[in-house]
1. From the list A:Ala45, A:Ala49, A:Ala22, which one is open to solvent by 30 Å² or more (accessible area, probe 1.4 Å), more than 15 Å from the chain's Cα centre (by Cα), of a type in the set (A, V, I, L, M) and within 11 Å of chain B (Cβ to nearest Cβ)?
2. Counting only residues that are away from every other protein chain (no Cβ under 14 Å) and farther than 22 Å from A:Leu17 by Cα, how many does the range B:218-257 have?
3. Would you pick out the residues in the range A:75-87 that are surrounded by 12 or more Cβ atoms within 10 Å (Cβ to Cβ) and either within 14 Å of A:Leu56 (Cβ to Cβ) or modelled with pLDDT of 95 or more (or both)?
4. Would you be able to tell me the number of residues in the range B:69-110 that are of a type in the set (Ser, Thr, Tyr) and touching a residue at least 40 places away in the same chain (Cβ under 8 Å)?
5. Here's a check for you: in the range B:217-256, which residue that is more than 27 Å from A:Val59 (Cα to Cα) and among the charged types (D, E, K, R) is surrounded by the fewest Cβ atoms within 10 Å (Cβ to Cβ)?
6. Can you pull out the residues in the range B:184-216 that are touching a Phe, Trp or Tyr at 6+ places or on another chain (Cβ under 6 Å) and either surrounded by fewer than 23 Cβ atoms within 10 Å (Cβ to Cβ) or at pLDDT 95 or above (or both)?
Amino acid sequence: MNHAAIDAEVFAELQELADGDAAFFEELIGTFDAQAEILLAKARAAAKAGETDDFLNIVHALNGSSRNVGAMEFARVCTAIERGQAPVSSLTLMFDMLEEPLRVARVALREYLQPTGKGLD
Amino acid sequence: MRSFFEQVSRRVRVPGLAAHLYLIAVVKFTRLAGMASLSQFRSGQGAQQNMAGDLSNFKFVCAWCASENDSLTADWCSCVSSSPSLTCSACNRCFCKADRAWRENFLTSPAAAVYRRRSTKLTQSFAPAAPAVDDLPRPIILVVDDDKVVHVIAKRVLAEFGGTLVHASDGEAGLRLAQQVLPDLVITDAFLPKLDGRELSQRLKTSPTTKQCKVAVMTALYKGSRYRSEAIRQFHVDAYVEKPLTADVLRKIATDLLPQAEVQVAAGGAS
């Protein structure tokens, strides 16, 4: 995996764990992808409703999940928000910070899943 | 022969419109209550499509044999997962490992809405009847985390140790499951919905039935020696690891905490 959004070391560990099993990667990335979509929608709703605690809990969940698949660029954005280090103050603007890095990470992970499984080398 | 609607109208002794509304409420309730009630409703009375909605929307086509199935009544699969899928009644295969295209198609279909409601209900309050504890191969490892990615990784890594792997996505479900299956090892996230993982550890360790369970807590939030000491002293955890979780960390937890007599490292497991 050679993409700025994905940590090569974390991904290499997952490849070692997969040991050539394309179905494992399908499940792993598919699970992350589906879960991220749901969490993003919940974060959007929480931000709109001004529910700070809910929003931060969801960001925490996104943070942990993304680290497990090596989406470190996105994880760093989440960490900044969780620690109150975001350069914006409103929840809706914090949510806006999440969308693009997560989109990039999801695209990078999906591109890794080649139909023939050739991406596993 | 009177229509079902007329029968209900007469039975509940209310005028037509009220009976109509009553039936809609009954259908909605039975859908929420579970498929057994709905099966009785449908089989006893005959489904009225203008009452229950278009029943064809509940159908889905099997990913493997293309048979048509009903997402309202299809059985859950037996895969050990916090998100089980449905089983085809024709070929008996589930869609846990269906390809991406099929899953995307299913998840955007009307049948998926029924599946999600059933899945949510299953996760939140309905625990499938646990097999007899004696029937479960040991070691029994319980993983409690609201992050499904952790479960996918844990399933892969912990398969090397043989035995039985069970999953829960929140602290309360984890506690109930632990009380049922008496796991040898519980690996739990600290920050969980409903019941904190450290609190879960304390409850397990202070109960006569579950105090023998080893408990490892994973955390991305409560990092540092102060939290570690607190976890051990106050919550009685046996291991305290910081996230992100790696395969090596999981293996070490299992190797260190499982009773050695129970550990069966499968030949040719992932390195």
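The values are calculated or read from the model by the stated rules, or taken from the named source; none is laboratory data. Keep in mind the model is a prediction, meaning the values are calculated, not measured. A quick note on method: Cβ atoms are made from the backbone with ideal geometry, for glycine too, and the neighbour counts reach across all protein chains shown. Surface accessibility is based on the protein's heavy atoms, side chains included, excluding ligands, DNA and RNA. Shrake-Rupley method; radii C 1.70, N 1.55, O 1.52, S 1.80 Å.
1. After applying the criteria, what remains is A:Ala22.
2. Count: 17.
3. Once the filter is applied, which keeps residues that are surrounded by 12 or more Cβ atoms within 10 Å (Cβ to Cβ) and either within 14 Å of A:Leu56 (Cβ to Cβ) or modelled with pLDDT of 95 or more (or both), the range A:75-87 yields A:Val77, A:Cys78, A:Thr79, A:Ala80, A:Ile81, A:Glu82, A:Ala86.
4. Residues meeting the conditions: 5.
5. Residue satisfying both the conditions and the ranking: B:Arg233.
6. Residues satisfying the conditions are B:Ser201, B:Gln202.
Conditions tested, residue by residue: (1) in contact with a Phe, Trp or Tyr (Cβ under 7 Å, 6 or more places away or on another chain); (2) more than 10 Å from every other protein chain (Cβ to nearest Cβ); (3) assigned to a helix (DSSP H, G or I).
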{"site": "A:Glu13", "(1), (2), (3)": "no, no, yes"}
{"site": "A:Thr31", "(1), (2), (3)": "no, no, yes"}
{"site": "A:Gln35", "(1), (2), (3)": "no, no, yes"}
{"site": "A:Asn63", "(1), (2), (3)": "no, no, yes"}
{"site": "A:Gln85", "(1), (2), (3)": "no, yes, no"}
{"site": "A:Leu93", "(1), (2), (3)": "no, yes, yes"}
{"site": "A:Met97", "(1), (2), (3)": "no, yes, yes"}
{"site": "A:Val104", "(1), (2), (3)": "no, yes, yes"}
